[in-house]
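Contents: one structure, followed by commentary.
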2 protein chains.
Amino acid sequence: METSNVIESFSALAQETRLAIFRLLVRQEPDGLAAGELARQLSVPHATMSAHLAVLSRAGLVVSRRQGRSIIYRANLNHMQEAIRFLVRDCCAGHPEVCGPLAESLIGCTPNQDRK
Amino acid sequence: METSNVIESFSALAQETRLAIFRLLVRQEPDGLAAGELARQLSVPHATMSAHLAVLSRAGLVVSRRQGRSIIYRANLNHMQEAIRFLVRDCCAGHPEVCGPLAESLIGCTPNQDRK
DNA sequence: TTGATGTTTCCATATTTCTAAAAATATGGA
DNA sequence: TCCATATTTTTAGAAATATGGAAACATCAA
């Protein structure tokens with residue numbers, strides 16, 4: 001991932017409503033949620049929601065597909081992964097005291113995974 | 001870590017110069033770098049650098065200590081760790097396909113660590 | 001086609017952020 | 001004390017972002 005995209009992604013998440021949108025979509029994986037449903041659940045006017053979703057989309061953090069009248073949004077978990085990897089990359093080699101505990105805490109949450 | 005601090009942290013990193021500052025400081029761990037040296041290396045006026053460092057400080061991403069006339073800044077790796085954990089937390093339980101590969105890539109970079 | 005529903009675009013306003021010069025503050029040496 | 005160096009604070013204009021109502025656009029059902 002390029003620097004400009006990392007900045008765009010952090011920028012997208014550095015806003016209360018958008019962070020809430022993203023986290024909600026992460027929890028709704030893999031089904032996703034319609035734009036209107038997001039607006040309702042987070043008590044945000046549709047125009048405002050639409051603008052925020054556009055920001056998250058441009059950053060690549062969410063993807064959307066039309067389903068009838070609705071447009072379903074989903075979190076792009078792979079993108080989040082890449083952004084995190086970018087941050088960690090720099091200290092990875094020289095500072096295992098960071099990556100170590102972080103890796104451990106991630107391992108701890110992958111109970112019985114067969115690596116599909 | 002609280003939501004407001006996460007937003008503050010992402011916001012701090014969502015800016016070209018500040019992201020460069022943080023990454024540079026990560027690479028300079030554990031020695032750190034003086035404010036003036038940072039300004040010189042990144043070709044940024046000192047007033048501008050000072051403002052950016054204040055933002056990173058408020059977010060908790062860097063810490064500083066005075067040393068003679070200089071003020072030495074260091075990356076707060078622990079804080080970065082916490083911010084990442086916040087992001088991953090939501091999908092941790094339900095979506096191991098995210099944490100798994102991420103954890104693996106982190107494990108891969110902690111070669112011979114005794115967990116000080 | 002008409003009407004109902006879901007979403008985005010347009011627009012104006014309010015707010016925040018970026019930038020860097022100038023002035024102020026802190027430190028240490030002579 | 002006075003001076004040089006290092007950094008921060010103040011300030012303010014320009015640019016970017018947030019917000020939400022109204023209108024436009026898209027889809028489906030009758």
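The values are calculated or read from the model by the stated rules, or taken from the named source; none is laboratory data. These figures come from a predicted structure and were not determined experimentally. Don't worry about glycine lacking a Cβ; one is built from the backbone with ideal geometry, like all the others, and counts go over all protein chains shown. The protein model used for the area step is the full one, side chains on, heavy atoms only, and it has no ligands, DNA or RNA in it. Shrake-Rupley method; radii C 1.70, N 1.55, O 1.52, S 1.80 Å.
Values as computed for the structure displayed
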read-out: Copies compared at A:S57 - label distances in nm, ascending, label defined 7 Å from Cα in the Cβ direction; value: 4.2
read-out: Other copies of B:P45: label-to-label distances in nm, shortest first, labels 7 Å along the beta-carbon direction; value: 3.8
read-out: Mean-position separation - Cα centroids, segment A:15-46 and segment B:1-45, in angstrom; value: 30 Å
read-out: Pairwise burial B:A, computed as accessible area of each alone minus the pair, summed, 1.4 Å, Å²; value: 4400 Å²
read-out: Average other protein chain Cβ within 10 Å of Cβ, residues B:29-40; value: 1
read-out: Sites B:N5 and A:S70 - FRET efficiency at Förster radius 35 Å, r taken between beta-carbons, to 0.05; value: 0.55
read-out: Amide proton proximity set for A:A34, modelled H, under 5 Å, gap of 5+; value: A:Y73
read-out: Cα gyration tensor category, rounded, prolate or oblate, for segment B:29-68 with a/c compared to 1.5; value: oblate
read-out: Derived scalar couplings ³J(HN,Hα) [segment B:45-58; Karplus, 6.51 cos²θ - 1.76 cosθ + 1.60; whole Hz; x for Gly, Pro]; value: x, 4, 4, 5, 4, 4, 5, 5, 5, 5, 5, 5, 5, 4
read-out: Paired Rg and Dmax values of segment A:3-77, which use every Cα atom, in angstrom; value: 11.4, 36
read-out: Peptide A:6-19, shielding by other chains (average Cβ, 10 Å cutoff); value: 5
read-out: Label spacing, shortest first and in nm, from A:G68 to its equivalents in the remaining copies (7 angstrom along Cα→Cβ); value: 7.3
read-out: Average partner coverage of B:81-90, which counts Cβ from other chains inside 10 Å; value: 6
